Amino acid sequence: GKPCDAGSVQTNRTPRAPATQLTVTAPSPVMVYGAVVPGLSASYTGFVGTDTAGSLPTPPTCTTTATSSSTVGTYPVTCSGAADSSYIFDYVPGTLTVRKASLKVAAPTLTMTYGTPVPSLTPTYVGFAGGDSQASLTTAPSCSTAATSDSPVGSYAVTCSGGWGANYSLNYVTGTLTVSPANLTVSAESYTIVYGSTAPPLAPQYSGFVAGDGISSLSVPAGCTTAATASSAAGSYPVLCAGAVDSNYTISYVTGSLRIGGT
């Protein structure tokens, strides 16, 4: 046979196609402070034909420096580690944003008695994350009410304000301070008179006035009466007081007596 010309040797080898650039973009999720870090899945640009993320022999892994305890702010998200001979990987970083958590600050709902000091007004909280507490706030809220120890019976709003925390958005809920009536005792006095004489004026005695109050503070003062008259026989007769009215007091009565002795 005819010898081959070394200079005309040919091969059937198919040239390898150059790898295609595949852009791997890290996600940019948003999470609330204290929540679990969301799943981090990359997105892709540049797949050829019917290829998808499932076509990669080794998919990329995406990570972030943020954790559930990370404070409000932004944190990098990066992807790496993908492998496929058909692609050259170009990684684009993302950003995880931690937003403030919602913290409910509820003003207290309390009851006090008219004339007593206003109780301590301490808020309660719902929404602290992890081991956080009021001490975790940069500025704790304060609560106040228009009521004082002299405020009449009724209901008064309790409001809280002024708190601030880098990781929390504070939402305030109004409470109520209810002023209830004080106890006022009206006592009839006890007298002794001689048979045939006129009974003395029957003046009630009061015990329990507060806040500088006195008889003149009552809407209606009490009156006292007895069934005894100048002609009543010797003996003992009850003296009864009644009729006092005032919204700041719960009024109770103590019976007295009028004793008529012999001449």
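Consider Pro60 carefully, then state whether it is more than 33 Å from the chain's Cα centre (by Cα) and either of a type in the set (D, E, K, R) or surrounded by 14 or more Cβ atoms within 10 Å (Cβ to Cβ) (or both).
Values: more than 33 Å from the chain's Cα centre (by Cα): yes; either of a type in the set (D, E, K, R) or surrounded by 14 or more Cβ atoms within 10 Å (Cβ to Cβ) (or both): yes.
Answer is yes for this residue.
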Which of the residues that make up the stretch 149-191 are more than 21 Å from Ser252 (Cα to Cα), open to solvent by 50 Å² or more (accessible area, probe 1.4 Å) and either modelled with pLDDT under 95 or more than 23 Å from the chain's Cα centre (by Cα) (or both)?
Asp150
Hits in the stretch 67-80 (condition: under 15 Å from Thr25 (Cα atoms) and open to solvent by 50 Å² or more (accessible area, probe 1.4 Å)):
Pro76, Thr78, Ser80
Before we move on, is Ser257 open to solvent by less than 70 Å² (accessible area, probe 1.4 Å), part of a loop (DSSP other than H, G, I, E, B) and not hydrophobic (A, V, I, L, M, F, W, C)?
no
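Consider Gly212 carefully, then state whether it is open to solvent by 40 Å² or more (accessible area, probe 1.4 Å) and not basic (Lys, Arg).
Details: open to solvent by 40 Å² or more (accessible area, probe 1.4 Å): yes; not basic (Lys, Arg): yes.
Yes.
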Look through the stretch 110-123, keep the residues that are surrounded by 14 or more Cβ atoms within 10 Å (Cβ to Cβ) and within 14 Å of the chain's Cα centre (by Cα), and return whichever of them is nearest to Thr74 (Cα to Cα).
Pro123
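For the structure I just gave you, tell me whether Ala230 is modelled with pLDDT under 95 and loosely packed, with under 13 Cβ neighbours inside 10 Å. Full working, then the answer.
Working: modelled with pLDDT under 95: yes; loosely packed, with under 13 Cβ neighbours inside 10 Å: yes.
Considered against the rule, which asks whether it is modelled with pLDDT under 95 and loosely packed, with under 13 Cβ neighbours inside 10 Å, Ala230 comes out as yes.
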Can you confirm whether the stretch 181-191 contains a residue that is out of contact with any Gly (no Cβ under 7 Å at 6 or more places or on another chain) and free of Cβ contacts under 8 Å to residues at least 12 places away in the same chain?
no
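The values are calculated or read from the model by the stated rules, or taken from the named source; none is laboratory data. Please read all numbers here as calculations on a predicted model, not as lab measurements. Ideal geometry is used to build each Cβ from the backbone, glycine not excepted, and the neighbour counts take in all protein chains shown. These accessible areas exclude ligands, DNA and RNA; they are computed on the full protein's heavy atoms, side chains included. Shrake-Rupley method; radii C 1.70, N 1.55, O 1.52, S 1.80 Å.
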